[in-house]
Amino acid sequence: MMSSTKVKKNIMLTYVDLFAGAGGLSEGFIRNGFEPIIHVEMNVDACYTLKTRLAYHYLKNNNQLDIYASYLKAEISRADLYENLPIDLLDSILNLKIDDANLNYIYKQIDKNLKLRKFKKVDLLIGGPPCQAYSLIGRHGIDWDNDERVKLYKLYGKILAKYKPSMFVFENVPGIISANKGEYFNDLRSYYDKLGYNVDYQILKAEEFGVLQSRRRVIIIGSLKSKKLVYPDFPKMIEKYTTADVFHDLEVLKPGDSISNGKYKKSASEYQKKYHVRENFDFYTQHITRPHNTNDLAIYKIVQDKWNNEKHRLKYNDLPKKLRTQNNISSFLDRFKVVDLNGLSHTLVAHIAKDGHYYIHPTQTRSISVREAARLQSFPDNYFFEGSRTAAFTQIGNAVPPLMSQVLAKTIKEILIN
């Protein structure tokens, strides 16, 4: 990593976020003083989440967090909240599919916002195309020649070629490296090389960045060849904390219960203080659980008992026959899984939006709530996810953990300003 003992802290760096999702990756860059020029995201609920998060940062910077608190408490509407924001900030969220038909409009909006905010260039491009096609499960049935999802890196590259930022950050699942027998990643790397970028990658562990989750992500970073930069040396840590440090202070819920404005029932843990989980407010939102049928609840109790008392992960074919609702007992046998209270959570993915079987609460007979899932992804309690319960789970499962992106952003900033 290129570094210097003198850091030019007053330099404002700009970035564009593609396939922005709920803003987990973007959050780390905002926390490190980067200026977002445009976020592009095709999901409408995620776009509202991005706007609401920008509202939080804007109001915080202007000592008006009382307005944001009023929104979280449902005392004012979302429209009322957004009325407090500058138009250019709201317009910086583009609810668009990134495709050839929309590229010119995206360019127009980037240029417009650069001019409005008196910036000369885009310093950084960040984002990660939808990863389902590259995941191990998602590869079955993929048409590598015609599936538009596997060509999204070229659209990313067109925007890269247009603005020539000093660096780019491309986040994805580890499966992208071996997808289509490695040919896909080789094509990606060759394409960006032709655009003038040196490209390298690492598979990073989220738990080494303070996230209470065993999560692997590929972070591909490119830098302009003329800059002669090297892949960043991201500082890593091994923490002693467990999921118990973020599950202890929320109200006990039954399946289908929901708390939209809850009081913490215990003091903040050391982890919560260190990573600002409960920052700004003395209440939390979106402690929302899904309902479960009696059959699933019976399974949950058995699976919990095996895990909590024997540390044994029960397989589907180990369940009593009367509880089995599916005939397939030869594959996908780990359909039910308890979150480890005394260790790290297993990887949180967007499938949690479909059912909670893979994310059973360790001590309460239900799957985890929206707020619990958000905490496992290292989102602070002041982060609000717009849309339905299902939409919130999807956004959380697809996100880059903010604690991870915060370290990426801090290290990249040190490189760019030296």
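No lab work stands behind these numbers, since they all come straight from the coordinates. Owing to the predicted nature of the structure, the values given are computational and were not obtained by experimental measurement. Here the Cβ positions follow ideal geometry from the backbone for every residue, glycine too, while neighbour counts run over all protein chains shown.
Numerical summary
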quantity: Nearby lysines by direct alpha-carbon distance to Lys266 (threshold 22 angstrom, same-chain neighbours under 8 apart not counted); calculated: Lys73, Lys240, Lys254, Lys274
quantity: Ordering of 334-340, 209-215 by burial proxy (mean other Cβ atoms within 10 Å per residue, highest first); calculated: 209-215, 334-340
quantity: Per-selection Kirkwood Rh - the chain (Cα, Å, 1 d.p.); calculated: 22.5
quantity: Candidate lysines for bridging to Lys225, where Cα separation is under 21 Å - those fewer than 8 sequence places away on the same chain excluded; calculated: Lys120, Lys121, Lys154, Lys158, Lys162, Lys164, Lys194, Lys413
quantity: Contact order normalised by residue count of the stretch 244-398, Cα under 8 Å, 6+ apart, percent; calculated: 27
quantity: Computed Rg/Rh of the stretch 244-398, alpha carbon atoms with Kirkwood Rh; calculated: 0.97
quantity: Whole-Hz couplings from phi, Karplus 6.51/-1.76/1.60, listed for the stretch 286-298; x for Gly and Pro; calculated: 6, 7, 10, 10, 8, x, 10, 7, 5, 5, 5, 5, 5
quantity: The chain: relative contact order in percent, alpha carbon pairs under 8 Å with at least 6 residues between; calculated: 20
quantity: Karplus-derived 3J(HN,Hα), 6.51/-1.76/1.60, for each residue of the stretch 183-190, Hz, glycine and proline x; calculated: 5, 4, 5, 4, 5, 4, 5, 5
quantity: 3J(HN,Hα) from dihedral phi, the stretch 349-355, Karplus parametrisation 6.51/-1.76/1.60, rounded to Hz, x for glycine, proline; calculated: 10, 5, 4, 4, 6, 8, 7
quantity: Folded to 0 to 90 degrees: helix 152-163 orientation relative to the chain principal axis, Cα; calculated: 30
quantity: Whole-angstrom gap from the stretch 101-127 to the stretch 34-68, using each part's C-alpha centre; calculated: 17
quantity: Three-way shape label, the stretch 1-110, alpha-carbon gyration tensor, a/c 1.5; calculated: oblate
